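Report on the structure given below.
The values are calculated or read from the model by the stated rules, or taken from the named source; none is laboratory data. Since we're looking at a predicted model, the values are computed, not measured. Every residue, glycine among them, receives a Cβ derived from its backbone with ideal geometry; neighbour counts consider all protein chains shown. When the accessible area is computed, the model is the full protein with side chains, heavy atoms only, and any ligands, DNA or RNA have been set aside. Shrake-Rupley method; radii C 1.70, N 1.55, O 1.52, S 1.80 Å.
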Number of protein chains: 2
Amino acid sequence: MTVGPAATGPPDPGAAGGSAVPEEILRARAYLLRSVEPPNRRLVRLIEEYGPVEAADRLRRGAVPDALLRAATARRGTDHSTADLEAAAAAGARLLVPEDPQWPVWPFAAFTTAESGQLAPPVALWARGPGDVSVLADRSVTVVGSRAATRYGLHATAEFASALARRGVTVFSGAAFGIDAAAHRGALAVGAPTVAVLACGPDRAYPAAHTGLIERIAATGLVLSEYPPGTVPGRLRFLVRNRLLAALGAGCLVVEAGARSGSRRTAADSAALGRPVMAVPGPVTSALSVGCHELVRSGQAQLVGRPEDVLETVGRLGVDLAVPPAGERRPTDGLAAATLAVHDALPARAAWPPARIGEAAGVAADGVRAALTELEERGLAEYHQGLWQRPARRGGP
Amino acid sequence: MTVGPAATGPPDPGAAGGSAVPEEILRARAYLLRSVEPPNRRLVRLIEEYGPVEAADRLRRGAVPDALLRAATARRGTDHSTADLEAAAAAGARLLVPEDPQWPVWPFAAFTTAESGQLAPPVALWARGPGDVSVLADRSVTVVGSRAATRYGLHATAEFASALARRGVTVFSGAAFGIDAAAHRGALAVGAPTVAVLACGPDRAYPAAHTGLIERIAATGLVLSEYPPGTVPGRLRFLVRNRLLAALGAGCLVVEAGARSGSRRTAADSAALGRPVMAVPGPVTSALSVGCHELVRSGQAQLVGRPEDVLETVGRLGVDLAVPPAGERRPTDGLAAATLAVHDALPARAAWPPARIGEAAGVAADGVRAALTELEERGLAEYHQGLWQRPARRGGP
């Protein structure tokens, strides 16, 4: 059942947010979400084995493996699920569960092959906004970077986000200060939906200064969180949240990161989940680009200098292939060395016989004649009464 | 025999610039240098086979393979060698030849394995300045980049050059406007010798505006050229000169290069000669960093963000290994996830019993007690009458 007024979704009843999901599953998963701090792979396995309803019942009764019981003890005694679903609905959020057709099955499939137990999938996600994350994650990029970004970083982020959003790539980020906000705003600026994954409850906006931004994101895109209503963010929750960002983006783009930053942790999660990591370089004089440069140097990230480079990595093979920057073509392009030598030797303010040009260029008579003919055809040499010279320059200085 | 007043060299007679080289060899090589436009691998082979004196004689008589004869025709009839040696001496330059102990044998050995015929070694080099290039090239880096460099590029170049020169790495460059000049100046600023390789005769300074800079380079380092006195630079000669820069540096550092630039050509020569190519990244918004970024993206260059990174590449193995930038250590470093969760849950403006902290953190009672103990030991938690809280913050805001 859809919880919350914002969950309208497309008219197709099968695809509408959770409309086909029985209430008892939503309640069971809401309970599990609060009773064990994510990520917990044992809980995921318990649900896989028994289904969410029986898994919740077993946890309530304490009929689960010891390790899981220890992880859950502090909260499992109280079932907040009804209150949580109501509080979320009041905030316009619904509970997105794996039983829902909108569940991002493929992005989260990476968790099953990840080695680290910290990289467990979420049991459910609180979701606010009309977006269908299973669709939005298809062509997507997770943008991470410093909260204390520079003007350069903010500018580059907005440029990349806008350009990618314009090409149908969904920007995922964490709604934090700095790079995160610039990424969301870059997408919103071109009218594209963007997805924020928060480290607090769905009824909260963190940072508070971004309440408006988060509302705008929820209006057309999606705001996700695996934390129950009322949860405040903490450092651990940011780290835990980052794995969801890592999984949901088809690639991870790091824009500005200090020598040591949470962004690099998200990048590491992305890599562990098999996602390509990309880093935007910056001035070597900027402490905030050090992390990006180190990621590239160590081979953990590929350098991306243009949105096209990102598109090539996260886009569709063959469709979004980037063409290397072309640069200007010069009229002397493709000339053989001897011809170029003759070209260089051609006087501009005088006219010389071929022999003199040959001497200056160090090219033999035969070569000089052939070269002069070729240069004349290209408009690079002019002939008059046995003498050769450069053509008068056309246009600007 | 040493030509020119600047060629003093160390007192060891065997090492002094060309003092052991017979006049006839110098004359033969000076003749060959002017008679065939470099690079010419056939000429190099002819000299290898017959020695410079007989090779010169054969070329003079026309008793050389047709292809070589064609390449030489325009000039071989006149022997300018005496005039060239005198003109060079008047300008303070000597002729450095392979028979001289200062000849950079190892740097130029790379030419023998290069596939391209364009990558032939020089027949000799005009040299101005007290430097011994065979020594200076040992730990060295060739710095290339745009003539129309940005302030950022000039600053980064000077910083890299100074830092490397201070660590005993010789900076080689082309004395051009922009990056080249910044590289030389960066080395000179810390009192280190630097080497300029020019695309004109040793009696000339190109660009003319750098006459003073080139004099300063020659005063303590070395100015090299394979072009005879009086030769003016041309586009081909810059390209040809670049192969010498590529060979003489133990690595090639590209600082700013547009999508298409001569610097990239030098980088390609360096790679062909087995030299590591390094690129300094810059703002993605700068057209002059596009070439550097493409070099890294395409795998032709490794990104270097700090002089230490260059040192690691061109320096001595094991001695100059760069330590990755460390970043700040945080007091919560190394805490287990549960301990971090407890830390995050600790109230700052109140004091809670362990049970309440456990509930907030989602950590069981055992875990909470262990975590609080560890946090207290680290000074991250304070205990008073059964209640826990964060310690009052010390120092700044």
Count of residues meeting criterion [more than 14 Å from chain B (Cβ to nearest Cβ) and either in contact with a His (Cβ under 7 Å, 6 or more places away or on another chain) or more than 19 Å from A:I25 (Cα to Cα) (or both)] in segment A:64-111: 9
Any hit, segment A:267-279, residues being assigned to a loop (DSSP other than H, G, I, E, B), within 9 Å of another protein chain (Cβ to nearest Cβ) and out of contact with any Pro (no Cβ under 9 Å at 6 or more places or on another chain): no
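For segment A:356-397, give me each residue that is in a helix (DSSP H, G or I) and open to solvent by 80 Å² or more (accessible area, probe 1.4 Å). Don't jump to the end; show me each part of the working.
So the first thing to find is which residues in segment A:356-397 are in a helix (DSSP H, G or I), and the list is A:356-361, A:365-377.
Passing the criteria: A:R356, A:E359, A:D366, A:R369, A:E376, A:E377.
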Residues (among the acidic types (D, E) and either touching a Lys or Arg at 6+ places or on another chain (Cβ under 7 Å) or within 19 Å of A:V223 (Cβ to Cβ) (or both)) located in segment A:83-120: A:D84, A:E86, A:D100
Tally of residues being open to solvent by less than 30 Å² (accessible area, probe 1.4 Å) and either under 16 Å from A:T285 (Cβ atoms) or part of a helix (DSSP H, G or I) (or both) across segment A:145-159: 5
Filter result (part of a helix (DSSP H, G or I) and in contact (Cβ under 8 Å) with a residue 12 or more places away in the chain) within segment B:58-82: B:R58, B:L59, B:R60, B:A67, B:L68, B:A71, B:A72, B:R75, B:R76, B:S81, B:T82
Subset of segment A:193-212 (residues that are under 24 Å from A:R167 (Cα atoms), open to solvent by less than 10 Å² (accessible area, probe 1.4 Å) and not β-branched (V, I, T)): A:A196
Whichever residue in segment A:336-347 is over 11 Å from A:L380 (Cα atoms) and of a type in the set (A, V, I, L, M, F, W, C) and, among such residues, is surrounded by the most Cβ atoms within 10 Å (Cβ to Cβ): A:A341
Meets criteria (part of a helix (DSSP H, G or I), assigned by TED's automatic domain parsing to the domain that holds A:P307 and closer than 16 Å to A:P38 by Cα) for A:F111: yes
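Name the residue that is nearest to the other protein chains (Cβ to nearest Cβ), counting only residues in segment B:291-309 that are over 14 Å from B:A267 (Cβ atoms) and open to solvent by less than 20 Å² (accessible area, probe 1.4 Å).
Step one: of segment B:291-309, the residues over 14 Å from B:A267 (Cβ atoms) are B:305-309.
Still in the list and also open to solvent by less than 20 Å² (accessible area, probe 1.4 Å): B:305, B:309.
On the way: B:G305: 4, B:D309: 7 Å.
Only one residue fits best here, namely B:G305.
The rows are residues; the columns are (1) among the hydroxyl-bearing types (S, T, Y); (2) at pLDDT 95 or above.
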| site | (1), (2) |
| --- | --- |
| A:A148 | no, no |
| A:F160 | no, yes |
| A:Y206 | yes, no |
| A:V223 | no, yes |
Segment B:160-198, residues that are farther than 16 Å from B:A219 by Cα and assigned to a helix (DSSP H, G or I): B:F160, B:A161, B:S162, B:A163, B:L164, B:A165, B:R166, B:I179, B:D180, B:A182, B:A183
Among the candidates A:V232, A:V223, residue that is assigned to a strand (DSSP E or B) and among the β-branched types (V, I, T): A:V223
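Of the residues in segment A:310-322, how many are at pLDDT below 95 and under 14 Å from the mean Cα position of the chain (by Cα)?
Residues in segment A:310-322 being at pLDDT below 95 and under 14 Å from the mean Cα position of the chain (by Cα): 5 in total.
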Any hit, segment B:242-259, residues being surrounded by fewer than 24 Cβ atoms within 10 Å (Cβ to Cβ) and of a type in the set (D, E, K, R): no
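Answer yes if at least one residue in segment A:200-208 is in contact with a Phe, Trp or Tyr (Cβ under 9 Å, 6 or more places away or on another chain), aliphatic (A, V, I, L, M) and on the phi < 0 side of the Ramachandran plot, and no otherwise.
No, the conditions are met nowhere in segment A:200-208.
Residues B:A93, B:A137, B:A124: which one is farther than 22 Å from B:L33 by Cα, assigned by TED's automatic domain parsing to the domain that holds B:V284, hydrophobic (A, V, I, L, M, F, W, C) and crowded, with 20+ Cβ neighbours inside 10 Å?
That would be B:A137, the only listed residue that is farther than 22 Å from B:L33 by Cα, assigned by TED's automatic domain parsing to the domain that holds B:V284, hydrophobic (A, V, I, L, M, F, W, C) and crowded, with 20+ Cβ neighbours inside 10 Å.
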Segment B:281-290: number of residues that are at the interface with another protein chain (Cβ under 8 Å from one of its Cβ atoms) and in contact with a helix residue (DSSP H, G or I) (Cβ under 9 Å, 6 or more places away or on another chain): 6
